[in-house]
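Here is the structure we will look at.
The values are calculated or read from the model by the stated rules, or taken from the named source; none is laboratory data. Quick caveat: nothing in here was measured; it's all calculated off a predicted structure. All Cβ positions, glycine included, derive from the backbone under ideal geometry; neighbour counts span all protein chains shown. With ligands, DNA and RNA removed, areas are computed over all heavy atoms of the protein, side chains included. Shrake-Rupley method; radii C 1.70, N 1.55, O 1.52, S 1.80 Å.
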Amino acid sequence: MNSSHSDLELRRATPQDAQTVAEITDAAYEKYVALLGRKPQPMTADYSEIIAQHPVWLLVQADQHNHPIAVLVLILEEEAMMIYSIAVRPEVQQMGLGRLLLRFAEQQTLEAGFQMLRLYTNELMPGNVDYYQRFGYRETGREPFKGSTTVYMAKLVTD
């Protein structure tokens, strides 16, 4: 994979991709299970149902195998787009793929007619709040959730 990501393609997930989406998500979030004492929310989702109801995107390595390496799950809300999950296979993390998916989520937000992009994370997931703040997200609230704290964040997206 080169730094320009020219060998990558984003494609909409289909119902047949539900297992792949779950596998990538589980692999990406597994490191948080011991930290939280439970599976993070995206590891418990029914991706067949989510794919049927919401925009789910697979980042695919465009080679002869079209190998899916990351997932972006978006949820259209009444007045905003929400990132439900970004999951990148562990072996290709730290290569700018999360940043690429965040930019794509911003484009999708504007195309859907929204200016607000929301997400949430857990305060126990090291570095997530700082990571999103570096990309312009601001904390909008916190609330207790299953023995830890959910951190809500949002970003105003413009052309």
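Computed quantities for the displayed model
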quantity: Sum of -39500 (n - 2.57) over DSSP H runs of 4+, divided by residues of the chain (222 nm, nearest 500); calculated: -8000 deg cm²/dmol
quantity: For the chain, built as a Gaussian network whose Cα springs stay under 10 Å, the top-fluctuating residue of Ala18, Ala112, Ala70; calculated: Ala112
quantity: Accessible area per residue, Å², region 102-156 with all protein chains present, probe 1.4 Å; calculated: 56 Å²
quantity: Most fluctuating residue given options Leu117, Leu100, Leu74, as computed from a GNM of the chain linking Cα atoms under 10 Å; calculated: Leu100
quantity: ³J(HN,Hα), Karplus 6.51/-1.76/1.60, whole Hz, each residue of region 38-47, x for Gly, Pro; calculated: 6, 6, x, 3, x, 6, 9, 6, 8, 6
quantity: Fluctuation leader among Glu30, Glu123, Glu111 - the chain, Gaussian network, Cα springs under 10 angstrom; calculated: Glu111
quantity: Nonlocal amide H pairs with Ala62, under 5 Å, H built at 1.01 Å; calculated: Leu8, Glu9
quantity: ³J(HN,Hα), Karplus 6.51/-1.76/1.60, whole Hz, each residue of region 138-147, x for Gly, Pro; calculated: 10, 5, 10, x, 9, 8, x, 8, 6, x
quantity: Of all accessible heavy-atom area on region 11-159, the percent that carbon and sulfur account for (1.4 Å); calculated: 48 percent
quantity: Sites Arg38 and Thr140 - FRET efficiency at Förster radius 35 Å, r taken between beta-carbons, to 0.05; calculated: 0.90
quantity: Summed residue charge, Cβ within 14 Å of Ala13's Cβ, Lys/Arg positive, Asp/Glu negative; calculated: -3
quantity: Whole-Hz couplings from phi, Karplus 6.51/-1.76/1.60, listed for region 90-101; x for Gly and Pro; calculated: x, 5, 10, 6, 6, 10, x, 6, x, 4, 4, 5
